[in-house]
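Just below is one structure, and these are the notes that go with it.
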Amino acid sequence: MLYRLRLERDLKRWQEKGLLSEATAAAIRAELAGAHWSISAAGAFAILGAILFGFAVMSFVAANWDGMSKLLRLLLLVGAMWACYGAAAYLLPRNLGRFAHAAILGGIAVYGASIMLVAQMYHMEGSPPDAVLLWALGGLAAAYLVRSEAALGASIVLITTWSLYERMLSETAHWSFLAVWALAAACAYLLRWRPGLHLAAVSLVIWLVPLGALILDNHAHWVVAMIGLAIAAAGSLGGRELDQRLGPVSSAVFAYGLAVTVAALFTLQFIDERAIPSLRAPNGIAVLLLLAVLTLGLLLAAMAWGIHTDNSGAMWIAYAGFAAEIFTLYVKTFGTLLNTSLFFLVAAIIVSGLAWLALRLHRRAQPAVGGVT
Amino acid sequence: MRLPRPGPALALAIVAGLQTAVLLYMVIDRSVLLKTGREIVLPVRPVDPRDLFRGQYVRLGFDVASVPLKLVEGPRPTGNKPFYVTIEQQEGGDWTPVRITAAPPGEAGPKQIVLKARPYYRFPPATASPNGMVQARYGIESYFVTEGEGPRLEALARDKKVAVLVAVDGRGNAALKGILIDGKLQYTEPLL
């Protein structure tokens, strides 16, 4: 919908500039108003329907459990699963891709419900996250074999859930997540599905950010910050190489790396109170200020790079990080007024210095970018 | 590298087949355990006896679930990884834990049986008091009752001793097989 509004505005402008004739603009509008939109809306509803269908099966089976024998319940579940995949097989060659993928999603939902219900039928206790993993792997198989984006999206959500669940129970780093995540990310790459790659990246960020609290001395947020920096470096310094090998991914890689770094540094300074000496301890404020100056410097450098490479995602993350850092510092050091004023003085000097540097970088980059505003 | 790609109908059939196989494996694995596993009877610790069978499922507590940490032999289990508790039958027929090991113990005595366990939260670290306990889960702590059975078992269990019949396989996996009230088998799980 947003795209249509933006296109409408652009069409008007192009017409005013004489780039586009009235007839061409009308043709573009007509094309847009055609079948395309209604079909994608129907597809979206179909996906929604599939999710609701999954819930319906789960609650039906749960509600009518008692009248059935185990065999009947099992047949019902497996039958519903095959019916979903059968529907998908019917729809796929008939150019009803969206509906087919909705049916696949329904199949995956029934599969997951079946795992839970079989576990219930036989009073299996086991480790509940393992059941979620089993579900996710089934979805991943569907995503790979049928090239289903919907199935892949569901699988990545399930893999993330699996890891969160496992960590909640065990409070360990959960390294095995990385292996399954890599499978999902490879699948997204294979499908050339960009939203899937973003989803995989978000999933990895969710796994990475709390990692510091789960390894070494349980306050190792600096390790996470380093990992984030390494990812950001791969997206910036190694960006060209990356793009040549994988297609245009470097801006996103840089932005996600930056997000991990910012989150880790923020946790280190303000959330995990035992990560650095407390404010009241001698040197506490000095350590905090040093880290803050480092963080702000990094953010400014990231902004400069964001401008240089026209990376709006990274710019927004850097802006948000900058605002959060300054605001939290102010709140945390409130009361130690002298220190607060000293901090802002130091920060002001550094920010102005870096602003000057950024401006120079920007000016130098301008001709190369070719006047993009 | 081009991987061979099946047509959509075949691909979907493979997906459905794989997922069906997973479900069947779960069922068959369980059935084999229930059928061939060694049977033991474990008394149920009355958590709240009045509500035992009222809900959709009950949580069962066992005396053998609290295992003294002094029983650890060899390398200490870590995190929430599975560990193994060897239980031994006493004179009166009750089972008590005699050993905790991180790996399956090679041999067990004739009156002993090995149960695979997971800690409720995670295994207490080496710094924990050696006089403490680890709360073990054997995978037999939930019992889903069919609605018709609930009130009947509830009435039977009132002020009586409740125990469960458990099947245990050679790898220490345990499965609930039935319910005993005052030593009499009142309900058994049908296999299918």
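Mind checking which pairs have a first residue in region A:284-308 that is free of Cβ contacts under 8 Å to residues at least 60 places away in the same chain and a second that is part of a helix (DSSP H, G or I) and acidic (Asp, Glu), Cβ under 6 Å, 6 or more apart or different chains?
A:Thr295/A:Glu325
Would you say B:Gly61 is small (Gly, Ala, Ser), at pLDDT 80 or above and either more than 18 Å from B:Arg171 (Cβ to Cβ) or within 15 Å of the chain's Cα centre (by Cα) (or both)?
Here the answer is yes, as B:Gly61 does meet what is asked.
For region A:265-275, state whether one or more residues are among the charged types (D, E, K, R), within 24 Å of A:Ala347 (Cβ to Cβ) and in contact (Cβ under 8 Å) with a residue 12 or more places away in the chain.
Looking for residues that are among the charged types (D, E, K, R), within 24 Å of A:Ala347 (Cβ to Cβ) and in contact (Cβ under 8 Å) with a residue 12 or more places away in the chain, one finds at least one in region A:265-275, hence yes.
Of the residues that sit in region A:301-327 and are of a type in the set (S, T, N, Q) and assigned to a helix (DSSP H, G or I), which one is surrounded by the most Cβ atoms within 10 Å (Cβ to Cβ)? Give the derivation first.
Here is the first cut: in region A:301-327, the ones of a type in the set (S, T, N, Q) are A:309, A:311-312.
Filter once more, keeping what is assigned to a helix (DSSP H, G or I): A:309, A:312.
Details: A:Thr309: 18, A:Ser312: 12.
Out of the qualifying residues, it is A:Thr309.
Read through the list (1) under 30 Å from B:Leu34 (Cα atoms); (2) at pLDDT 90 or above, then give the number of the only condition that A:Ile104 fails.
Failing condition for A:Ile104: (1).
I'd like to check something: does region A:173-185 contain any residue that is closer than 20 Å to A:Gly107 by Cβ and free of Cβ contacts under 8 Å to residues at least 24 places away in the same chain?
No, that holds for no residue.
Which members of region A:111-131 meet the condition of being within 9 Å of another protein chain (Cβ to nearest Cβ) and part of a helix (DSSP H, G or I)?
Across region A:111-131, the qualifying residues are A:Tyr111, A:Ser114, A:Ile115, A:Val118, A:Ala119, A:Gln120, A:Met121.
Taking the conditions exactly as written (within 21 Å of A:Leu48 (Cβ to Cβ) and either more than 12 Å from chain B (Cβ to nearest Cβ) or in contact with a Gly (Cβ under 6 Å, 6 or more places away or on another chain) (or both)), does A:Trp181 satisfy them or not?
So A:Trp181 does not fit the description; no.
What number of residues within region A:281-313 satisfy the criterion of being closer than 30 Å to A:Arg363 by Cβ and of a type outside the set (D, E, K, R)?
Qualifying residue count for the region: 21.
So for region A:141-148 (the condition being more than 11 Å from chain B (Cβ to nearest Cβ) and surrounded by 22 or more Cβ atoms within 10 Å (Cβ to Cβ)), does at least one residue qualify?
no
With the structure loaded, tell me whether A:Leu32 is farther than 27 Å from B:Ser31 by Cα, within 14 Å of chain B (Cβ to nearest Cβ) and at pLDDT below 80 or whether it fails that test.
The answer is no for A:Leu32.
Give me the strands (runs of 3 or more DSSP E) completely within region B:99-183, filtered to those with at least 2 residues that are at pLDDT 85 or above, ordered by residue number. Don't jump to the end; show me each part of the working.
Values: elements: B:112-119, B:133-137, B:142-144, B:162-168, B:174-181.
The strands (runs of 3 or more DSSP E) meeting that bar are B:112-119, B:133-137, B:162-168, B:174-181.
Could you check how many residues of region A:184-203 are assigned to a helix (DSSP H, G or I) and either at pLDDT below 90 or over 13 Å from A:Ala150 (Cβ atoms) (or both)?
Qualifying residue count, region A:184-203: 12.
So, in region A:161-172, how many residues would count as being more than 10 Å from A:Leu133 (Cβ to Cβ) and without any contact (Cβ under 8 Å) to a residue 40 or more places away in the chain?
So the answer is 2.
Which of the numbered conditions does A:Ser114 fail, given that it passes all the others? Conditions: (1) under 23 Å from the mean Cα position of the chain (by Cα); (2) surrounded by 19 or more Cβ atoms within 10 Å (Cβ to Cβ); (3) under 28 Å from B:Ala13 (Cβ atoms); (4) not β-branched (Val, Ile, Thr).
(1)
Looking for something under 16 Å from the mean Cα position of the chain (by Cα) and over 19 Å from A:Leu137 (Cα atoms) - is there at least one such residue anywhere in region A:150-162?
no
Does any residue of region A:95-102 turn out to be closer than 19 Å to A:Thr161 by Cα, at the interface with chain B (Cβ under 9 Å from one of its Cβ atoms) and either aromatic (Phe, Trp, Tyr) or part of a helix (DSSP H, G or I) (or both)? If you could, list the steps in order and put the result at the bottom.
So in region A:95-102, the residues closer than 19 Å to A:Thr161 by Cα come out as none.
Taking every residue of region A:95-102 in turn, none turns out to be closer than 19 Å to A:Thr161 by Cα, at the interface with chain B (Cβ under 9 Å from one of its Cβ atoms) and either aromatic (Phe, Trp, Tyr) or part of a helix (DSSP H, G or I) (or both).
Please verify whether A:Ala41 is surrounded by 11 or more Cβ atoms within 10 Å (Cβ to Cβ) and modelled with pLDDT of 75 or more, treating the condition exactly as stated.
Details: surrounded by 11 or more Cβ atoms within 10 Å (Cβ to Cβ): yes; modelled with pLDDT of 75 or more: no.
The answer is no for A:Ala41.
Results for (1) within 15 Å of the chain's Cα centre (by Cα); (2) among the small types (Gly, Ala, Ser), shown as yes or no for each residue.
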residue	(1), (2)
A:Ile206	yes, no
A:Gly212	no, yes
A:Met226	no, no
A:Leu229	no, no
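Is it true that A:Gly106 is crowded, with 22+ Cβ neighbours inside 10 Å and facing chain B (nearest Cβ under 8 Å)?
No, not satisfied.
The values are calculated or read from the model by the stated rules, or taken from the named source; none is laboratory data. Since we're looking at a predicted model, the values are computed, not measured. Note: ideal-geometry Cβ built from the backbone for every residue, glycine included; neighbour counts use all protein chains shown.
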